[in-house]
Amino acid sequence: MKAKKKLCAGCDQEKYIWKKEGRLRYCKDCWFKTGVAKTKKPTVFKPQKPMRQKSTKMSSLDSVYSRMRVNYLNDYPMCQAKVVSDCMVTSTDVHHKKGRGKYHLDVTTWLSTCRQCHMWIEEHPKEAIELGLSIKRD
């Protein structure tokens, strides 16, 4: 579809319109000749607030999770996985067997692990499933 020619406010000829200033229409030549392009104020953008890294819902879930995690690690202070030779024996991490999605606060899917065993479970998912340290996700 081709644009229609309209009357230019600068040269009063029918030409293709380049820009509009209010109700006035200008062709490309007149737009730059009349100086409208130079006198027009540049658009000023307000600096935007940075996006929140976590939603308020996730923040509240994380605060609940932090308290539950501390209680869980107090109840199970020893590593339950013990899959690596240099296992620290003392648990520092909580492994979510079914992932953190909808099972984030489900204690039945948690496993108390040391950092080395937790890294091994994450790096070897097939072996972890065979050993019962992880559960296949739905």
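The values are calculated or read from the model by the stated rules, or taken from the named source; none is laboratory data. Remember, predicted model here, so these are calculated numbers, not experimental data. Because the Cβ atoms are built from the backbone with ideal geometry, glycine has one as well, and the counts that use them run over all protein chains shown.
Hey, SER112 hits all of (1) of a type in the set (Gly, Ala, Ser); (2) within 23 Å of ARG67 (Cα to Cα); (3) more than 30 Å from the chain's Cα centre (by Cα) but one; which does it fall short on? So the condition that SER112 fails would be (3). Taken residue by residue, region 35-50 has at least one member that is free of Cβ contacts under 8 Å to residues at least 60 places away in the same chain and in contact with a Phe, Trp or Tyr (Cβ under 7 Å, 6 or more places away or on another chain).
Inside region 48-69, can you point out the residues that are of a type in the set (A, V, I, L, M, F, W, C) and within 17 Å of the chain's Cα centre (by Cα)? Break it down into steps so the answer makes sense when it comes.
Kept after step one, since they are of a type in the set (A, V, I, L, M, F, W, C), are these residues of region 48-69: 51, 58, 61, 64, 68.
Residues satisfying the conditions are MET51, MET58.
Here THR90 fits the description: surrounded by 10 or more Cβ atoms within 10 Å (Cβ to Cβ) and over 24 Å from the mean Cα position of the chain (by Cα).
Strands (runs of 3 or more DSSP E) fully within region 10-98 that include at least 3 residues being modelled with pLDDT of 90 or more: 93-96. Checked against (1) surrounded by 13 or more Cβ atoms within 10 Å (Cβ to Cβ); (2) not in a strand (DSSP E or B), LYS126 meets all criteria but (1).
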